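All remarks here apply to the structure that follows.
Values in this text are rule-based calculations from the coordinates and carry no lab data. Bear in mind the structure is a predicted one, so any value in this text is a computation, not a measurement. Glycine gets a Cβ as well: all are built from the backbone with ideal geometry, and neighbour counts include every protein chain shown.
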Amino acid sequence: MIKAAREYDLEESSMKVARLRNVLSQRDIGKMNVLEFAKGAIINLQLKAGQSIGRHHTPSDAIVHVVSGRVRFGIGEETVELTRDVVLHMNPKEEHELEAVEDTSLLVIKVGDDTTCGMEKE
């Protein structure tokens with residue numbers, strides 16, 4: 001996993017600021033930890049157009065926000081196309097898959113005690 005974001009600890013504050021950087025010139029799929037916090041984590045996932053991630057799950061609630069591009073999410077028998085104007089919430093252990101329609105950068109915000117990916121445990 002690449003460290004894509006620089007984390008800034010601001011003096012006398014618990015606020016954290018991170019910058020995302022594009023890694024798609026170096027690879028087809030990039031996954032970077034952006035920030036971690038009590039009971040959660042933010043991951044930046046980047047995919048080149050046509051790239052996909054197969055069916056998997058996470059043990060925590062997951063909120064997906066598209067930073068740029070367009071991606072298709074398959075959840076159960078449903079497929080939804082996400083763009084910058086759409087936010088998606090998934091319950092813990094909800095099986096899902098995704099495919100980038102365009103070069104895509106998205107933030108996955110995982111909330112819960114266990115923020116690993118179901119694929120990582122298998």
Separation of the Val87 and Ala18 label points, Cα + 7 Å toward Cβ, nm: 1.8 nm
Two-site label geometry, Phe37 and Val80: point separation in nm, points 7 Å out along Cα→Cβ: 2.2 nm
Distance (nanometres) between label positions extended 7 Å along Cα→Cβ at Lys48 and Glu102: 1.8 nm
Signed unit charges on C-beta, dipole axis of the chain, positive-most listed residue Asn91, Ile63, Ile29: Ile29
Other-chain or far-sequence residues with amide H under 5 Å of Val34's (modelled H): Ile42, Ile43, Asn44
Proximal charge balance of Ile75 [Cβ under 11 Å; K/R count +1, D/E count -1]: -3
Extension gain from Thr116 to Gln26, taking 0.36 nm per residue of separation minus the Cα-Cα distance: 29.9 nm
Dipole moment magnitude, nearest 20 debye, the chain about Cα centre, only Lys, Arg, Asp, Glu C-beta charged: 420 debye
